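Novice: Below is a structure I'd like to ask you about.
The values are calculated or read from the model by the stated rules, or taken from the named source; none is laboratory data. Since the structure is predicted, the reported quantities are computational estimates derived from the model, not experimental observations. Methodologically, a virtual Cβ is constructed for each residue, glycine included, from the backbone with ideal geometry; neighbour enumeration extends over all protein chains shown.
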Amino acid sequence: MRSRLPTSQGPLSPRVSIYRWQPAMIASFAHRVSGLVLVLFVPLYLWLLHGMTGSPEDFNQVYAWMHSFLGKLSLWLVGVALVYHFSNGLRFLSLDAGWCESREMMRLSARIVLGIAVLAAIILAVLL
């Protein structure tokens, strides 16, 4: 006897566009995006370190870049990503430990983390 595999009409897991976005979904998606931003910042961070510890010409170049619009925007973006990724990482650790696993607490903790990120974005925008 030959077993027939069922023909698939679509993916087993629906695409993201089908779901209604919830705070926990947004928090999870933003955690991935913030991690990507942090990883992509590493080469720029190494360039900044090299410029700050290199020759006076390198320092002046890095200093000028950091005070340009693009430099401030990059530092703002990475600062917000760092605060968000850290806060949401603590949220995920608490979920892994078995705390705050109810739907209400997951939604509340996601809103709190998103609020912390917005507050950090405002504070960093004022400071930079």
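Novice: Looking only at the range 66-105, count how many residues are of a type outside the set (Val, Ile, Thr) and either closer than 17 Å to ARG32 by Cβ or under 16 Å from the mean Cα position of the chain (by Cα) (or both).
Specialist: Here is the first cut: in the range 66-105, the ones of a type outside the set (Val, Ile, Thr) are 66-77, 79, 81-82, 84-105.
With either closer than 17 Å to ARG32 by Cβ or under 16 Å from the mean Cα position of the chain (by Cα) (or both) added as a condition, the list becomes 73-77, 79, 81-82, 84-93, 95-96.
Going through the range 66-105 one residue at a time, the tally reaches 20.
Novice: If VAL62 satisfies all but one of (1) surrounded by 16 or more Cβ atoms within 10 Å (Cβ to Cβ); (2) at pLDDT below 95; (3) closer than 16 Å to PRO23 by Cβ, what's the number of the condition it fails?
Specialist: All conditions are met except number (3).
Novice: Another question, if that's okay. Among all residue pairs at least 6 apart or on different chains, which show Cβ distances below 8 Å where the first residue, located in the range 82-110, is modelled with pLDDT under 90 and the second is among the aliphatic types (A, V, I, L, M) and assigned to a loop (DSSP other than H, G, I, E, B)?
Specialist: none
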